[in-house]
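Here is the structure we will look at, set down as structure tokens.
The values are calculated or read from the model by the stated rules, or taken from the named source; none is laboratory data. All figures in this text were calculated on a predicted structure; none of them were measured in a lab. Cβ sites come from the backbone with ideal geometry, for glycine too, and all protein chains shown count toward neighbours. These area figures cover heavy atoms from the full protein model, side chains too; ligands, DNA and RNA do not enter into them. Shrake-Rupley method; radii C 1.70, N 1.55, O 1.52, S 1.80 Å.
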Amino acid sequence: MRTDVRRTHNAVTTTSSAAAAAVLAGITTVRNLGILAHVDAGKTTVTERILFLAGETHKRGEVHDGTTVTDCHPQERERGITIFAAAVSCLWDGHRINLIDTPGHVDFADEVERSLRVLDGAVAVFDAVAGVEPQSESVWRQADRHGVPRIAFVNKMDRAGADLDAAVASIRERLHPVPLAVQLPVGREGDFTGVVDLLTMRALTWDDGPGRDGLREGPVPEELRAEAEHRRRRLDEAVAGLHPAALEEYYEHTALSTATLAAALRDLTHSGEAVVVLCGSAYRNRGVEPLLAAVTAYLPSPLDVPAVRGSAMGAEGAEGVGGAEGVEGAEVERAADPAGPLTALVFKVNVTASGRLTYLRLYTGTLRKGDTVLDATTGRTERIARILRVQADSHTETDSAVAGDIVAVVGVKAARTGATLCAPGAPLVLEPPVTAEPVVTVAVEARRSVDTDRLAVALARLAEEDPSLVVRTDPETGQRVLSGLGELHLEVAVEKIRRDHNGLEVVVGRPQVAHRETVERGVTGHVHRHVKQDGGAGQFAQVVIDVAPLDGPVGAQEGGGFVFASTVTGGRVPKEYVQAVEAGCRDALAEGPLGGHPVTGLRVTLTDGATHSKDSSDLAFRTAGRTALRDAMRACRMVLLEPVVEVTVTVPQEAVGGVLGDLAARRGRVQGSDPHGATAVVTAVVPLAELFGYATALRSRTQGRGTFTTRPAGYAPAPVAAR
């Protein structure tokens, strides 16, 4: 009898191990990637072609027709741009690809930030004519901060003026990785028909048919053979110079095998030392299959990326949790193991009239329908009612999700973006996505007083969905104020209120920018004595501080910049009280003397002080630090700062003069004007407050042919009239 039991136990163990191995093998075939690019580089078209070729859609969606899967919101289809990051999923060559199509406009950069926080890789799309554009550079830097491996796809190779080599050169000069082009175009501009794969030395060409079977593979055309062989040698040399194993083989054979080259390209992509560059025309359905092959070959699976890190929390009765995980506050690593404790990050919340969708990236563990999970950020437990595979605005229900999956769940009522959902017995807090600081503000009121409560609900829902939107009530005017990352950002938010809440009429005031204050000339030796006696223990603290501007140009610090130091000797102010003085100084930064704006760009040094044996305390020194800095700033020469942005304007050559004059009238500082064929690219630094309505003015001056993009460039002194 015991033998039978032992055999059964062994059989169960073997089956369990086999199942776990099968799950891990499945994770290696998962690719979580985002599509990143400048506005109008073709991100959404690339996504649509991927879904079409994978068989998820039966017709190619077009941005200009409003038939795309990912741009599913009415505002996206009307404006022809991506506004909200949309998650889709498809199968390709035995791999599950979870893909997020991200916005390209700077006003929606926070959507990109939240997406990059949960992605393992990305495809950066570049225009073959324009190369690296301002927002391409911005999203690339965002991906750098998150350590997300990338491959590059040079799109629109069929356009007049398309040049792969120029695009590769702009990647090298402006983004600074080593670009490794693995393809050679077949044909130029309108005659672009395909590519030569430099790894296999085979030509891939496409016809213009509407189906999925337009790809043809054959030998390299004779007229391109010499050029292809030359580029393959250059590719081998470049890879050998970066990869030790490839270098060893290159020294032996003066060339690299296809297998060695592919393995080296994968390693270099994962490390970020180089970026693989492919090309094509997504609109004409050319080059997308090799792009998908590169995604599966070079970008990492959830098992290839470093283990996620978080801060452990205490948990009574936690079973199977030892080591650092049992110590509250300790840093803990968890690898992508389906059998490990559940750890998932909320990166998006979508609140609709029919329910609340919470989007998760699972890092470890397995999530099943009906599970109870802990929101480690708030300590609240939630029950998972349903788990959904997401296809933009449509969903397919599933019973479970494992480490590496990106899914949406129903039933989570309170978790906000950035929250960590985990197993109740093994709580862990992951670092949330960084939320950008809003710079543009509008006053929002309901046209009818009876709709005031409805407006409050609508604004709260907006802020819940998009953390970069901040809703507050002005303490002086009593108005509700909505702040965001740009004029378009707020325009879209207000329009969403009108559409989602039928009959709710909203009145919007002129946008106001978020000013800052800074010190232009400081003071030294400012003394403040805090004494309070009201019965019982009193309060006593004396501090002497110096206030000075930080090094560098006034307003160079973007929304921050405060340094505190102490030169007190002899223990005249104990160390614990020095920390209280610093906390009080930080409290004083909330409101400056010029107009109650936050203060930035100053250095405070505690040089002396005095204590009382009984009446000194943390509270007394914090109060003294706060009051001392407030008084000192009134004695300083203060400067009001306004946010400025770098504007890149693309206009026809004949309109350059008018555009330069208009920028000068808006207090802009022109930094350059570069001709690009029949167009010119003008760059300038302009106060954000002067750009309201600029889109309409630019269209008027250029007969609708001018475009512009902006990105934050910090703060600069405001004119005297504004102070």
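Tabulated data
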{"read-out": "Every residue from region 643-659 that is touching a Ser or Thr at 6+ places or on another chain (Cβ under 7 Å), among the hydrophobic types (A, V, I, L, M, F, W, C) and outside any strand (DSSP E or B)", "value": "ALA655, VAL656"}
{"read-out": "Residue among ASP158, ASP165, ASP144 that is surrounded by 15 or more Cβ atoms within 10 Å (Cβ to Cβ) and part of a helix (DSSP H, G or I)", "value": "ASP144"}
{"read-out": "Some residue of region 126-139 being open to solvent by 10 Å² or more (accessible area, probe 1.4 Å), modelled with pLDDT of 90 or more and either within 23 Å of ARG309 (Cα to Cα) or β-branched (Val, Ile, Thr) (or both)", "value": "yes"}
{"read-out": "Filter result (surrounded by 20 or more Cβ atoms within 10 Å (Cβ to Cβ) and part of a loop (DSSP other than H, G, I, E, B)) within region 475-496", "value": "LEU485, GLY486"}
{"read-out": "Some residue of region 580-600 being assigned to a strand (DSSP E or B), modelled with pLDDT under 95 and within 29 Å of ALA718 (Cβ to Cβ)", "value": "yes"}
{"read-out": "Some residue of region 266-279 being crowded, with 23+ Cβ neighbours inside 10 Å and either free of Cβ contacts under 8 Å to residues at least 60 places away in the same chain or of a type in the set (Gly, Ala, Ser) (or both)", "value": "no"}
{"read-out": "Residues of region 250-265 classified as crowded, with 16+ Cβ neighbours inside 10 Å and among the hydroxyl-bearing types (Ser, Thr, Tyr), total", "value": "2"}
{"read-out": "Any pair with Cβ under 7 angstrom, 6 or more apart, that starts in region 505-525 at a residue that is closer than 11 Å to HIS597 by Cα and ends at one that is aromatic (Phe, Trp, Tyr)", "value": "ARG516/TYR715"}
{"read-out": "Residue check for LEU663: within 30 Å of LEU550 (Cβ to Cβ), of a type outside the set (Phe, Trp, Tyr) and not in a helix (DSSP H, G or I)", "value": "no"}
{"read-out": "Tally of residues being of a type outside the set (A, V, I, L, M) and open to solvent by 50 Å² or more (accessible area, probe 1.4 Å) across region 207-249", "value": "20"}
{"read-out": "Extreme residue, nearest to the chain's Cα centre (by Cα), among residues of region 326-366 that are open to solvent by less than 10 Å² (accessible area, probe 1.4 Å) and more than 21 Å from SER311 (Cβ to Cβ)", "value": "VAL349"}
{"read-out": "Test: residue in region 414-431 that is more than 30 Å from ALA336 (Cα to Cα) and either open to solvent by less than 10 Å² (accessible area, probe 1.4 Å) or of a type in the set (Asp, Glu) (or both)", "value": "no"}
{"read-out": "Residues located in region 426-456, provided they are free of Cβ contacts under 8 Å to residues at least 60 places away in the same chain and either farther than 25 Å from LYS348 by Cα or among the β-branched types (Val, Ile, Thr) (or both)", "value": "ARG448, SER449, VAL450, ASP451, THR452, ASP453"}
{"read-out": "Residue tally, condition open to solvent by less than 40 Å² (accessible area, probe 1.4 Å) and over 15 Å from ARG572 (Cα atoms), over region 600-614", "value": "4"}
{"read-out": "Residue list for region 618-660, filter: open to solvent by less than 40 Å² (accessible area, probe 1.4 Å), among the small types (Gly, Ala, Ser) and over 22 Å from ALA565 (Cβ atoms)", "value": "ALA655, GLY658"}
{"read-out": "Filter result for LEU116 (touching a His at 6+ places or on another chain (Cβ under 6 Å) and either at pLDDT 85 or above or under 18 Å from HIS270 (Cα atoms) (or both))", "value": "yes"}
{"read-out": "Residue within region 372-384 that is over 21 Å from VAL429 (Cβ atoms), surrounded by fewer than 21 Cβ atoms within 10 Å (Cβ to Cβ) and either in contact (Cβ under 8 Å) with a residue 12 or more places away in the chain or in contact with a strand residue (DSSP E or B) (Cβ under 7 Å, 6 or more places away or on another chain) (or both) present", "value": "no"}
{"read-out": "Among residues of region 387-419, those that are polar (S, T, N, Q) and in contact with a Leu (Cβ under 8 Å, 6 or more places away or on another chain), counted", "value": "3"}
{"read-out": "Cβ-Cβ under 7 Å pairs, at least 6 apart or on other chains, region 28-45 side modelled with pLDDT of 85 or more, far side of a type in the set (Lys, Arg) and surrounded by fewer than 24 Cβ atoms within 10 Å (Cβ to Cβ)", "value": "THR29/ARG96; VAL30/ARG96"}
{"read-out": "Candidates ARG699, ARG705, filtered to the one that is assigned to a loop (DSSP other than H, G, I, E, B), farther than 28 Å from LEU640 by Cβ and out of contact with any Asp or Glu (no Cβ under 8 Å at 6 or more places or on another chain)", "value": "ARG705"}
{"read-out": "Matching entry among ARG472, ARG499, ARG510, ARG454 (being surrounded by fewer than 20 Cβ atoms within 10 Å (Cβ to Cβ) and assigned to a strand (DSSP E or B))", "value": "ARG472"}
{"read-out": "Residue selected from region 189-206 under the condition among the charged types (D, E, K, R) and loosely packed, with under 15 Cβ neighbours inside 10 Å, by the criterion modelled with the lowest pLDDT", "value": "ASP191"}
{"read-out": "Candidates ALA628, ALA548, filtered to the one that is under 30 Å from VAL513 (Cα atoms), assigned to a strand (DSSP E or B) and not β-branched (Val, Ile, Thr)", "value": "ALA548"}
